[in-house]
Amino acid sequence: MRSLRREPALLLALLAVAALVLAFIVYPQLNVVLTPGPGGYVQFLQEGTWLVPLRNSVELTLLSTTTAVLLGFVYAYAMVYSNMRWKPFFRLVGILPLLSPPFVVAAAYTLLFGARGIVSYGVFGQSPNIYGLMGVWGVQTIAFFPFAYQLIADALSRSDPRMEQAARNLGAGSWRVFWTVTLPLSRPGLGAAILTTAIYILEDFGNPQLIGGVFYVLPTQAYSLISSFGEYTSAAAVSTILLLLAL
């Protein structure tokens, strides 16, 4: 504390950061939680309209996180351990979804495979129904696997290759080395990838809004309550449930 008093500029900067955090992060979250009031929460919970979006959110988060992390792990393993050609190009492909909003993947998916999609209708003459759980699941897998890829690739690249080499020298095959050495060494990155990807998927609004159809999740349910019915109290209650899940 004494050093901060000697550096007033640093103290002012820290106070400014704290004020910004309180104003733009803490206060909005508290406002969302406190808006419905006890009576509003009781009424909202009794109505039960939140149960289906909650179930959909949990189901979608589990499915999309599983496939996104699996895809991210395979991609990271290939980037770290293989000697494939054009590796810089594939590294760029692996981070491209991070360079644009997630809903861009849903828009591209609709453009390519929608009822009048370039591929589905233009090439195959089909008009498939791409909306609902399956569509959102596939889009979220592509949109969010780069988060898992980056974290897992970092963990794999930091692991000590001498441990894998020692296992091979002792006669372990490739699969045994993978299950007993490589996978345990990647657990910190794998855990971080699961947590990070799950949070991003849980709070995702754009993809379910574009191709979810009548498959409502908590973010789209909150938006629908405000935009269609002006139910700010119910929307705040839904947002509180979403916040609790994220915590």
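The values are calculated or read from the model by the stated rules, or taken from the named source; none is laboratory data. As the structure is a computational prediction, the values presented were derived from the model and not from experiment. With ideal geometry, Cβ positions are generated from the backbone for all residues, glycine too; neighbour counts draw on all protein chains shown.
Would it be correct to say that G135 is surrounded by 12 or more Cβ atoms within 10 Å (Cβ to Cβ) and under 24 Å from L62 (Cα atoms)?
Answer is yes for this residue.
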Open item on the list: Need the failing condition index for A106 against (1) more than 17 Å from E59 (Cα to Cα); (2) surrounded by fewer than 17 Cβ atoms within 10 Å (Cβ to Cβ), just the number.
Closed with: (2)
Task: Looking only at segment 74-86, and only at residues there that are in a helix (DSSP H, G or I) and either at pLDDT below 85 or touching a Phe, Trp or Tyr at 6+ places or on another chain (Cβ under 8 Å) (or both), the one that is surrounded by the fewest Cβ atoms within 10 Å (Cβ to Cβ) - done: A78
- [ ] Could you look through segment 190-234, keep only residues that are farther than 26 Å from T110 by Cβ and in contact with a Leu (Cβ under 6 Å, 6 or more places away or on another chain), and pick out the one that is surrounded by the most Cβ atoms within 10 Å (Cβ to Cβ)?
- [x] A193
- [ ] Report the residue count in segment 117-130 for those that are over 19 Å from V214 (Cα atoms), modelled with pLDDT of 80 or more and surrounded by 15 or more Cβ atoms within 10 Å (Cβ to Cβ).
- [x] 2
- [ ] Answer yes or no: is there a residue in segment 172-182 that is surrounded by 19 or more Cβ atoms within 10 Å (Cβ to Cβ) and touching a Phe, Trp or Tyr at 6+ places or on another chain (Cβ under 7 Å).
- [x] no
Open item on the list: Could you check segment 196-247 and list, in sequence order, the residues that are part of a loop (DSSP other than H, G, I, E, B) and closer than 14 Å to A143 by Cβ?
Closed with: E203, D204, F205, G212
Task: Residues that are at pLDDT 90 or above and surrounded by 15 or more Cβ atoms within 10 Å (Cβ to Cβ), drawn from segment 44-66 - done: P53, L54, N56, S57, L60, T61, L63, S64, T65, T66
- [ ] Sort out which residues of segment 138-163 are out of contact with any Phe, Trp or Tyr (no Cβ under 9 Å at 6 or more places or on another chain) and over 18 Å from E59 (Cα atoms), and write them in order of number.
- [x] Q150, L151, D154, A155, S157, R158, S159, D160, P161, R162, M163
Task: Top-ranked residue of segment 119-177 - restricted to ones that are touching a residue at least 24 places away in the same chain (Cβ under 8 Å) and outside any helix (DSSP H, G or I), ranked as farthest from F103 (Cα to Cα) - done: D160
Task: Those residues of segment 88-99 which are farther than 22 Å from A192 by Cα and either at pLDDT below 85 or under 19 Å from the mean Cα position of the chain (by Cα) (or both), in sequence order - done: none
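Results for (1) more than 24 Å from F178 (Cβ to Cβ); (2) among the aromatic types (F, W, Y), shown as yes or no for each residue.
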residue: F73; (1), (2): no, yes
residue: K87; (1), (2): no, no
residue: P102; (1), (2): yes, no
residue: Y109; (1), (2): yes, yes
residue: G114; (1), (2): yes, no
residue: G117; (1), (2): yes, no
residue: I142; (1), (2): yes, no
Open item on the list: farther than 30 Å from L210 by Cβ and either of a type in the set (A, V, I, L, M) or out of contact with any helix residue (DSSP H, G or I) (no Cβ under 6 Å at 6 or more places or on another chain) (or both): which single residue out of A148, A166 fits that description?
Closed with: A166
- [ ] Take the residues in segment 1-43 that are of a type in the set (V, I, T) and in a helix (DSSP H, G or I), then tell me which one is modelled with the highest pLDDT.
- [x] V17
TODO: Being within 23 Å of the chain's Cα centre (by Cα) and among the β-branched types (V, I, T) is the filter; apply it to segment 178-203 and report the residue that is farthest from F103 (Cα to Cα).
DONE: I194
Task: Among (1) at pLDDT below 85; (2) surrounded by fewer than 19 Cβ atoms within 10 Å (Cβ to Cβ) - the single one G114 does not satisfy - done: (2)
